[in-house]
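Quick notes on the structure that follows.
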Amino acid sequence: MIRDEDHMYAVFNCIAYEHDLRLVGLAAVICTLASFTAISLLHHVRRSSGHMRRAWLAVSAISTGFGVWSTHFIAMLAFSPGVPTAYNIALTGLSLVAAILLTGAGLAVAVESIAGAGAWLGGAMVGGGIAAMHYTGMAAFEIPGRIVWNPILVAASIALGALIGAAALPIGLREDNVKWKILGALLLTAAICSHHFTAMGAAEIIFDPAIELSGTAVPPGLLAIAVAFASFVIVGLALGGVAIEMRARRRQLEAALMRDAANATFEGLLVCEGATIVTVNDNFAALTGCSADSVVGAKLEQYFADVDICRTFFDHPNQSIEGTLVHFDGSKIPVELIQRSIDFGGKPHRAIAVRDIRARKEAEKHIRFLAHYDVLTGLPNRVSFNKKLDQEIAAALAMGRRLAVLCLDLDRFKEINDLFGHAAGDRTLQSVAKRIRGVLDENQMLARLGGDEFAIIAPDLSLPTTASRIAEAILEALQSGSENIEIDGPIAVSIGIAICPDDATDRHALLSQADTALYRAKNEGREGYRYFDASMGAALHERRLLKHDLRNAISRGELRLVYQPEKNIRAGKVVGFEALLRWKHPTRGEVSPAEFIPIAEDTGLILQIGEWVLRTACREAAIWTQPLTVAVNVSAVQIHNANFAQVVHEILFETGLAPGQLELEITETALVRDLNRALATLRRIKMLGIHIAMDDFGTGYSSLSNLRAFPFDKIKIDGSFIKSVDSSGQAAAIVRSVLGLGRGLNLPVLAEGVETSAELDFLESELCNEAQGYLLGKPADIDSYRRLTHGGAIDERPAVIHLQAKVSSM
């Protein structure tokens, strides 16, 4: 019976006495080098995909196969049986093919299932490939005799290779760091070497002189050359593996550094190679609702819904475009994208910045609402009304039909505001809007033109008298009392009616006729309606008289300015004034700006009046000892005048006021008629060093395109929005949107019309910069504020005086 000690002695004796230990050491070195190369390449296989994954797997299989084969035949060259030897060329080549294919199969199984039993199974398959290669190579070994195999040692050699190989791959592929790679390579080397020398110990050579070497067998010298070639291949692959390893490490370091830098930004960032995502920052991962690791390797189309954008995006570097990002839950997020080329890991990539614009889109939605609808009542505003009326007039004239325009005005509405407060007045307007809408058909449009003024378009009338039924229905609906407000009794309203084409065939004339009829209805006792007729021309005559007197108002010294203070909300200090234009007629007394400003604009007198206002304000500001800035509100007529910029420059030179102390306020309506000319004029003015502010934001054409088209220095929110911020969630949301828009554009925002502490508290909580209104100070002569203009407590930065020649009831 053969003992285990005898088997161990046989293996030891084989290594110690039958091999050249120098060549054995070389075989071990080659084996270790090949094993480390194979493990390193397998990690690169894991990082690859598609055809590159298969290519790198083949390279790893070749490295492992050549390593096993070279180890075997170097060890065979070290083996000295004491008789001539040779090698069958066919079986020798077959052993190399077997080594590559079988170990490659094991590597493929291991790399596809690293975390489970597949890695162990793949390692065992590699051990099986080692055994197949060894015994095929031994079959190629020719001597003058024969080999007798010890079955126990044969089984032991196979078991050692399979067991140690099964442990080598899971450990070598456990983590992508050098420690685990070296440990895995050493185990794989142990699997190859333990198998080989155990198997060699299992071989007993019995010499037989009758057996001769075949003539086609390869002598050991030629085999040494082949083995040397294979060794060079292994060294080359090893060097390549080291280079790949270094490049991978460099890319990982670059990715980590880039990820750290990208995570410091507020935007989502990703780097892609072609359409494949290579790395992302945490902000982009948060936008998608996925982890950063799960996003890497995905295609851009998976996260961006618009396929056309993904196809053409790379053709437009450094240009921002808007797209839609698909969240993990399927929801879509509006985003702004911009990309540029970068070098990443020594290869060209694309860096894409992804900005979440949900807040901006919501703000734009509110701004669009402001441009076309009244905030308080939700009705179309004057802009929408004018557009609709133009369309209906054209349709009526083309089809030979009639339409009516009804202008409505609440009777004694000012008394409601004075007695019950503006909140009650707002609720009254909302109630009126609701009741009137209830009596109109779907094709009839109700709009709020401003204040307590409403207008209705009633198309497709069979007879002019049909409009009277609409007016009577409105009066009846408003006679039932006013719900949800603090006043008793019905809401009184006066209505003026004009018919197209009977009374006029264009919008301006038709509205003028309806206004004239409304004026007659109010003068004849209110709470009723009147059609326009020629006898109402007296009102037009009155308008002409007012226009005549207005021409001489400047020369007679009838115009003056009163000033209302503005305050910095957080500092609680007055930082400027708004100057309001007043006209005291010698016989009529105080004439409301609501009466004479439209006349001045219609007749062109606003140019003369506006120049007087600008010169008077600049002359006044120039004598102040405090460095206050005077801001003049100019009308659309002035902006579109070709000489306006020159007039402003001459006034500054004449009064000695520094350009930096002048600020012009314009409304967006002033830009609409001829945007290009208006912007050209404003740019010429701004080149002088004068500041430009957008006034009454939200009441006209509140478009973001205007803010982009010209670099305004300030936004002023119209007082109609401020009145409802503490009672209307919608109004509060819109004011927040405008304030957020101002912060996003780095523009200070001033809120007009602040009349209650609750409104001021709301603005302060929303970080509004400045405010004005009756709560902070009433309009008064500038002499009342001499302590501010000529010394006294004032903010360190330049205060702002706003002079505004515009419609105002203050």
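The values are calculated or read from the model by the stated rules, or taken from the named source; none is laboratory data. Note that the structure is predicted; figures quoted are calculated from it, not measured. In this analysis, Cβ positions are derived from the backbone assuming ideal geometry, glycine residues included, and neighbour counts consider all displayed protein chains. Quick note on the areas: whole protein, heavy atoms, side chains included, nothing else; ligands and nucleic acids left out. Shrake-Rupley method; radii C 1.70, N 1.55, O 1.52, S 1.80 Å.
Between Arg556 and Arg368, what is the label-to-label distance in nm when each label sits 7 Å out along the Cα-to-Cβ direction?
Rounded to a tenth, the inter-label distance reads 5.1 nm.
Residues of region 611-697: accessible area per residue at 1.4 Å, in Å²?
Working: 3480 Å² over 87 residues.
On a per-residue basis, 40 Å².
From the backbone phi of region 282-291, what are the Karplus-calculated ³J(HN,Hα) couplings (6.51 cos²θ - 1.76 cosθ + 1.60, θ = phi - 60°) in whole Hz, Gly and Pro given as x?
Each residue's phi maps through the Karplus curve to give 5, 5, 5, 4, 5, 4, 7, x, 10, 6 Hz.
Taking amide H positions as placed 1.01 Å from N in the peptide plane, with prolines and chain starts having none, which residues 5 or more places from Ala298, or on another chain, fall under 5 Å of its amide H?
For Ala298, the qualifying residues are Ile277.
Of all the accessible heavy-atom surface of region 336-488, with the other protein chains kept in place and a 1.4 Å probe, what percent is carbon and sulfur? Each step should come with its number before you reach the end.
On the way: 3610 of 7300 Å².
Answer for region 336-488 is 49 percent, counting heavy atoms of protein chains only.
Quick one: Karplus J couplings for region 500-514, per residue in order, coefficients 6.51, -1.76, 1.60, θ = phi - 60°, nearest Hz, x for Gly and Pro?
9, x, 4, 9, 6, 10, 9, 4, 4, 5, 5, 5, 5, 5, 5
In region 703-757, if the dipole is taken from +1 on Lys/Arg beta carbons and -1 on Asp/Glu beta carbons about the Cα centre, which of Ala751, Val738, Ser724 is farthest to the positive end?
Value computed over the given set: Val738.
How would you rank 765-777, 675-687, highest first, on the average number of other Cβ atoms within 10 Å across their residues? Before the final figure, lay out the partial values.
Working: 765-777: 19.0, 675-687: 16.3.
Result, highest mean first: 765-777, 675-687.
Let me check the size of region 511-632 from its C-alpha atoms; what are the radius of gyration and Dmax in Å?
Cα only, region 511-632: 19.0, 58 Å (Rg, Dmax).
Of Val575, Val97, which has the most accessible area with a 1.4 Å probe, and how do the rest follow in descending order? Provide the component values of the computation, followed by the final result.
Values: Val575 0, Val97 75 Å².
Ranked list, largest accessible area first: Val97, Val575.
Through the Karplus equation 6.51 cos²θ - 1.76 cosθ + 1.60, θ set to phi - 60°, convert the phi angles of region 592-603 into ³J(HN,Hα) values in whole Hz; use x for Gly and Pro.
Working through the residues one at a time gives 5, x, 4, 8, 8, 5, x, 5, 4, 6, 5, 9 Hz.
Taking Lys778 as the anchor, which lysines have their alpha carbon closer than 27 Å to its alpha carbon, excluding any fewer than eight residues away along the same chain?
Reachable lysines: Lys414, Lys567, Lys573, Lys584, Lys714, Lys716, Lys723, Lys806.
Using the charge dipole of region 505-619 (Lys, Arg: +1 at Cβ; Asp, Glu: -1 at Cβ; taken about the Cα centre), state which of Val575, Ser592, Ala617 has its Cα farthest towards the positive end.
Val575
Run the simple label-point estimate for Leu545 and Ala90 please: 7 Å along Cα→C-beta, distance reported in nm.
A separation of 13.0 nm, rounded to one decimal place.
Give, rounded to the nearest 20 debye, the magnitude of the charge dipole that region 515-650 has about its Cα centre when Lys and Arg contribute +1 at Cβ and Asp and Glu contribute -1 at Cβ. Don't skip to the end; give the middle numbers.
Values: 18 positive and 16 negative charges, 67 e Å.
So the dipole magnitude of region 515-650 works out to roughly 320 debye.
More than 16 Å apart: what percent of Cα pairs in region 337-451 qualify?
Working: 4852 of 6555 pairs.
Tail fraction, whole percent: 74.
Once amide H atoms are built 1.01 Å from N in the peptide plane, which residues 5 or more positions from Phe344, or in another chain, come under 5 Å H to H?
HN-HN under 5 Å from Phe344: His349.
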